[in-house]
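Engineer: This is the structure I want to talk about, given as structure tokens.
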Amino acid sequence: MLKMLAIAIVLVLGVTSALEDCPVDCPPSCTNTWTPYPNSQVQGLTLYDDYKTEEDCKAGCIATPDCWSVDWNFVDVECWFGNVQNPTPRDPDESANHYDLTRDCVENCDYRYSWTKYPNYQVLFLAKQPDITSEDDCMSACIQTKSCHNFDWNFDENSCWFGNATNPTPRLKDPTVNHYDIVRQCV
């Protein structure tokens, strides 16, 4: 009885930064800065009754994608959100503080990646990558391509084949091919 056995070798290759090919599930990294305008307020903001402290009011604004400013009325304990960046005019008000929010978000990210190698196995229906002539170059190109989740390296033909399925099956025995699955994790 023949047993098909895939020998999986996990290679942890390190951390890299990709400017345009960050994994879809990698959240943006944001730095939020508040510019205070003490004793002032802006007309036309929206009242949010859920927030009972100035810190909670600001945190609620940060969590709301279209919020760009808050008025905190410390006399009436009221939180007001604004959806305009740097709103004017800021009117004098001895019972409130106005804050403008600056969001600096980096949508690129660093990720750690690892490979699972299946020696002498292939996956069907992958896309051939022209002009890649080494296994290392094939691996590097897959890392830099967001849609590449696996590749086959045919060492008999020196050809690279990308796959876009995560953990593809079936893997078929082929003595001239090594198959690799990549796992990207944000760090």
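Taken together, the values in this text are just the output of simple stated rules run on the coordinates, not laboratory data. Note that the structure is a prediction, hence the values are computed from the model and not measured. Here the Cβ is made from the backbone with ideal geometry for all residues, glycine too, and neighbour counts use every protein chain on show.
Engineer: Cα gyration tensor of region 120-159, axes a ≥ b ≥ c as square roots of the eigenvalues: rounded (a/c below 1.5), prolate (a/b > b/c) or oblate? Write down the numbers at each step before the final one.
Structural biologist: Details: a/c = 1.69, a/b = 1.17, b/c = 1.45.
Oblate shape, in that a/c is at least 1.5 and b/c is the bigger or equal ratio.
Engineer: Next question, about the same structure. How much length is gained on full extension from K128 to V77, taking 0.36 nm per residue of separation minus their Cα-Cα distance? Don't skip to the end; give the middle numbers.
Structural biologist: On the way: separation 51, 0.36 × 51 = 18.36 nm, distance 6.29 nm.
Residue separation times 0.36 nm, minus the Cα-Cα distance, leaves 12.1 nm.
Engineer: Provide the per-residue ³J(HN,Hα) series for region 155-168, in order, calculated from phi with Karplus coefficients 6.51, -1.76, 1.60 and θ = phi - 60°, each as a whole number of Hz, with x at glycine and proline positions.
Structural biologist: Using θ = phi - 60°, the values come out as 7, 6, 9, 6, 10, 10, 9, 8, x, 10, 8, 7, 6, x Hz.
Engineer: Whole angstrom only: what separates the Cα centroid of region 121-187 from the Cα centroid of region 71-105?
Structural biologist: 53
Engineer: Between S114 and N158, what FRET efficiency comes out of the Förster formula 1/(1 + (r/R0)^6) with R0 = 25 Å and r the beta carbon distance, rounded to 0.05? If you can, show how the numbers build up before the last one.
Structural biologist: On the way: r = 25 Å, r/R0 = 0.98.
Efficiency, rounded to the nearest 0.05: 0.55.
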